[in-house]
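One structure, pasted below without further comment.
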Amino acid sequence: MPEVLTAPLVVEFPFTRSLGPVQSAFLTGLRERVVLGVRTADGRTLVPPVEYDPVTAEEIRDLVHVGSTGTVTTWAWNPAPRRGQPLDTPFAWVLVRLDGADTALLHALDAPGPDAVHSGMRVRVRWAAERSGAITDIACFEPYAADDGDDSQVTVHAGEFEDPVTGIVAAARLDYTYSPGRAQTAFITALTDRKLVGERCPSCRKVYVPPRGACPTCGLATSEQVEVGPRGTVTTFCIVNIKAKNLDIEVPYVYAHIALDGADLALHGRIGGIPYDQVRMGLRVEAVWADDSRYPDHYRPTDEPDADYDTYKELL
Ligand SMILES: [Zn+2]
């Protein structure tokens, strides 16, 4: 049996979020080296602030300025920081109850090792040199020895700043090591020879492309390999009008479900070589490989007449 493939796979996208009045004041405050919380109707001070009381669901708008020193309530040592974490040397994740607050804020604590960290220790904010209105404006917390205790001084704050931050872009990123498994490894390997190979169910005889290694209807493992395509029929499609980052394709373009000849499952691919508004159900297409590509770059129309609906109606 050939070796099963693995490869790094990164799923990454920018998440744009508007902030609303409370989070806007909180993040703009950080830019100005001011930590703001909110005060609830029953007098609790929540840091980080929330827009609605977690107990009563009442809207909260009363901002208060709390201390930039606080107490570690609990912690965990992070021996191997990952990309994008607050520090690139080992550090502690800490919950810090800032002086004057009743709740704790999650952040990083710069400490030489786990022996230097304990619940109840006093810490203070280390501000980032460059601040833009983000939680990273707090670079981290650091141990604070010159302690004058928790004076719990909380002052009312209007939350008004010049040039407030009204939105943030948070990069979401997931790092995987992806293994496609035995069946898709065979599919990918066959693509190297520009062949599209599926697997047939031993019971219902359906051919799955790309193969998943089992028939989802019968629950049986599949192993018989069947070459399909390279021609097929557009069963259904959509017109894409939003340009994807890192994808050099002009919009609008068509993305379609394509039932390759001999397959009992439609796969999806881009349709090229035809104006987007002329693509239709039943259009006959064939795979087109780019020179250096290991998989079909797109599918283009053949010169055949359209397929009858009855030939692909079970594959929609
Ligand atoms: Zn089956």
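The values are calculated or read from the model by the stated rules, or taken from the named source; none is laboratory data. Note that the structure is a prediction, hence the values are computed from the model and not measured. Counting neighbours? That spans all protein chains shown, and the Cβs are built from the backbone with ideal geometry, glycine included. Note: accessible area is taken over every heavy atom of the protein model, side chains too, but ligands, DNA and RNA are not part of it. Shrake-Rupley method; radii C 1.70, N 1.55, O 1.52, S 1.80 Å.
I want to confirm something. Restricting to the range 212-232 and keeping residues that are crowded, with 19+ Cβ neighbours inside 10 Å and modelled with pLDDT of 95 or more, which single residue is nearest to the ligand (Cβ to nearest atom)?
So, considering only residues that are crowded, with 19+ Cβ neighbours inside 10 Å and modelled with pLDDT of 95 or more, the one nearest to the ligand (Cβ to nearest atom) is 215.
Of everything in the range 290-300 that's touching a helix residue (DSSP H, G or I) at 6+ places or on another chain (Cβ under 9 Å) and either modelled with pLDDT of 90 or more or among the basic types (Lys, Arg) (or both), which residue is most open to solvent (accessible area, probe 1.4 Å)?
Per the stated criteria, the residue is 294.
Confirm whether residue 131 is touching a residue at least 40 places away in the same chain (Cβ under 8 Å) and touching a helix residue (DSSP H, G or I) at 6+ places or on another chain (Cβ under 6 Å).
Here the answer is yes, as residue 131 does meet what is asked.
Restricting to the range 97-113, count the residues that are farther than 16 Å from residue 154 by Cα and assigned to a strand (DSSP E or B).
5
Scan the range 270-287 and give yes if some residue there is surrounded by 14 or more Cβ atoms within 10 Å (Cβ to Cβ), touching a Ser or Thr at 6+ places or on another chain (Cβ under 6 Å) and either farther than 19 Å from residue 310 by Cα or among the β-branched types (Val, Ile, Thr) (or both), otherwise no.
yes
If you don't mind, another one. Is the range 160-181 home to any residue that is farther than 27 Å from residue 28 by Cα and either open to solvent by less than 50 Å² (accessible area, probe 1.4 Å) or within 16 Å of the ligand (Cβ to nearest atom) (or both)?
yes
Just give me the residues in the range 27-59 being without any contact (Cβ under 8 Å) to a residue 24 or more places away in the chain and either at positive phi or surrounded by 13 or more Cβ atoms within 10 Å (Cβ to Cβ) (or both), in sequence order.
40, 43, 52, 53, 57
Something else now. Being in contact (Cβ under 8 Å) with a residue 60 or more places away in the chain and surrounded by fewer than 11 Cβ atoms within 10 Å (Cβ to Cβ) is the requirement here; does residue 155 meet it?
yes
Ok, one more. Can residue 83 be described as closer than 18 Å to residue 170 by Cα and open to solvent by 30 Å² or more (accessible area, probe 1.4 Å)?
Judged against the criteria, residue 83 is a match.
Being over 21 Å from residue 314 (Cβ atoms) and open to solvent by 30 Å² or more (accessible area, probe 1.4 Å): is that true of residue 264 here?
In short, no.
Quick check, is residue 192 more than 29 Å from the chain's Cα centre (by Cα), outside the structural domain of residue 316 (by TED's automatic domain parsing), exposed (fewer than 13 other Cβ atoms within 10 Å of the Cβ) and away from the ligand (no atom under 12 Å from the Cβ)?
Answer is yes for this residue.
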